[in-house]
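Engineer: Next up is a structure, given as structure tokens.
The values are calculated or read from the model by the stated rules, or taken from the named source; none is laboratory data. Because the structure is predicted, anything quoted here is derived from the model rather than measured. Every residue, glycine as well, gets a Cβ built from its backbone with ideal geometry; the counts of neighbours run over all protein chains shown.
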Ligand SMILES: Nc1ncnc2c1ncn2[C@@H]1O[C@H](COP(=O)(O)OP(=O)(O)OP(=O)(O)O)[C@@H](O)[C@H]1O
Ligand SMILES: [Mg+2]
């Protein structure tokens, strides 16, 4: 990546950014200032803005302070749709600075589990979760936690690129930031940084005012990643981000994931075993709403502990 100096999340890891929280990478509601707080500041009441204004802005060309993203730990996580339990008591850690792939047959609960991690699951009528999701030790299901801040800290990218169709490339990335009334110059800087971090800047810098929907599928997916990065998340959840993309666009996303993992913890759901092998440090295999096993990717693919994992990764079912 050519522009680490302004990668979101690297300028000053613990400087409040006042960025708003996206829901599904998109803006949620107005009045979301003060959401750029680190994890421990997600507890309400939020810090006074006076302490924030005392923080000097990062210099325009500050040297990057690359820090890893936050760790996420699931403890006995269960998820329900009405009475149906589809995630059945999962204990799993997503380590800081790593990419973790989630694999398993269709319907085994991968998307459901991932949506629990940024509290999107509960948005589905009748759906609820039990257990703990710890973000750097803080339980994001604690009643005192600000859900909006959770979704800023833990961004999400979906299978189908979902840019706002009528918005320009620039506005798609700026959407979440605008809600925080950022100054125009700063907004431009942040949008450019996010587009560079998503590996898209060179391709779109001359068409920032063109509609986001006019980009190719792979570009749209990187636009969605840029939108997610703009609010400086600690973690990005990717649910089959490449399944609608051709091999070249897929490769670009995979290269991007490899670069981003230095400062954003990444969880990627994939049906593509080769992709898991290429991008993931660790791989978790799920079956029937349960975690069968998790381990270093190479071990999961070559010498798994559980025979069901071996059957799945060798294509015997799923
Ligand atoms: N909105 C919903 N309401 C009720 N049940 C649901 C809902 N969404 C998913 N489910 C059920 O929960 C289970 C897990 O679904 P989920 O989408 O998490 O699986 P998945 O592993 O992501 O599958 P795929 O690989 O096909 O995307 C399935 O049995 C599914 O039918
Ligand atoms: Mg799914």
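Engineer: For segment 212-227, which residues satisfy the criterion of being over 15 Å from residue 171 (Cβ atoms) and in contact (Cβ under 8 Å) with a residue 60 or more places away in the chain? Talk me through it step by step, then tell me what you get.
Structural biologist: Here is the first cut: in segment 212-227, the residues over 15 Å from residue 171 (Cβ atoms) are 216-219, 221-222, 225.
Answer for segment 212-227, where residues must be over 15 Å from residue 171 (Cβ atoms) and in contact (Cβ under 8 Å) with a residue 60 or more places away in the chain: 221, 225.
Engineer: Would you confirm whether any residue within segment 135-158 is within 15 Å of ligand 2 (Cβ to nearest atom), surrounded by fewer than 23 Cβ atoms within 10 Å (Cβ to Cβ) and within 13 Å of the chain's Cα centre (by Cα)?
Structural biologist: Residues of segment 135-158 that are within 15 Å of ligand 2 (Cβ to nearest atom), as a first pass: 156-158.
Going one step further and asking which of them are surrounded by fewer than 23 Cβ atoms within 10 Å (Cβ to Cβ), we end up with 158.
Still in the running and within 13 Å of the chain's Cα centre (by Cα): 158.
Yes, some residue in segment 135-158 is within 15 Å of ligand 2 (Cβ to nearest atom), surrounded by fewer than 23 Cβ atoms within 10 Å (Cβ to Cβ) and within 13 Å of the chain's Cα centre (by Cα).
Engineer: Same structure again: Would segment 159-175 turn up any residue that is more than 12 Å from ligand 1 (Cβ to nearest atom), free of Cβ contacts under 8 Å to residues at least 40 places away in the same chain and touching a strand residue (DSSP E or B) at 6+ places or on another chain (Cβ under 8 Å)?
Structural biologist: no
Engineer: Same structure again: Considering only residues that are surrounded by fewer than 20 Cβ atoms within 10 Å (Cβ to Cβ) and more than 11 Å from ligand 1 (Cβ to nearest atom), which ones fall in segment 111-125?
Structural biologist: Within segment 111-125, 119, 122 meet the criteria.
Engineer: I'd like to check which strands (runs of 3 or more DSSP E) are fully inside segment 250-318 and have at least 2 residues that are on the phi > 0 side of the Ramachandran plot.
Structural biologist: No strands (runs of 3 or more DSSP E) qualify here.
Engineer: Looking only at residues in segment 80-92 that are within 13 Å of ligand 1 (Cβ to nearest atom) and touching a residue at least 60 places away in the same chain (Cβ under 8 Å), which one is surrounded by the most Cβ atoms within 10 Å (Cβ to Cβ)?
Structural biologist: In this case the residue turns out to be 87.
Let's see how each residue does on (1) over 23 Å from residue 111 (Cα atoms); (2) under 17 Å from the mean Cα position of the chain (by Cα):
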{"residue": "185", "(1), (2)": "yes, no"}
{"residue": "188", "(1), (2)": "yes, no"}
{"residue": "234", "(1), (2)": "no, yes"}
{"residue": "237", "(1), (2)": "no, yes"}
{"residue": "249", "(1), (2)": "no, no"}
{"residue": "254", "(1), (2)": "no, yes"}
{"residue": "272", "(1), (2)": "no, no"}
{"residue": "276", "(1), (2)": "no, yes"}
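Engineer: Among what's in segment 93-110 and is surrounded by fewer than 20 Cβ atoms within 10 Å (Cβ to Cβ) and either away from ligand 1 (no atom under 12 Å from the Cβ) or touching a residue at least 12 places away in the same chain (Cβ under 8 Å) (or both), pick the residue that is farthest from residue 297 (Cα to Cα).
Structural biologist: The selected residue is 106.
Engineer: Out of curiosity, is residue 269 closer than 26 Å to residue 135 by Cα, buried (at least 22 other Cβ atoms within 10 Å of the Cβ) and in contact with a helix residue (DSSP H, G or I) (Cβ under 6 Å, 6 or more places away or on another chain)?
Structural biologist: Values: closer than 26 Å to residue 135 by Cα: yes; buried (at least 22 other Cβ atoms within 10 Å of the Cβ): yes; in contact with a helix residue (DSSP H, G or I) (Cβ under 6 Å, 6 or more places away or on another chain): yes.
Here the answer is yes, as residue 269 does meet what is asked.
Engineer: I would also like to ask the following. Answer yes or no as to whether residue 208 is over 27 Å from residue 72 (Cα atoms) and either crowded, with 24+ Cβ neighbours inside 10 Å or at pLDDT 95 or above (or both).
Structural biologist: Judged against the criteria, residue 208 is a match.
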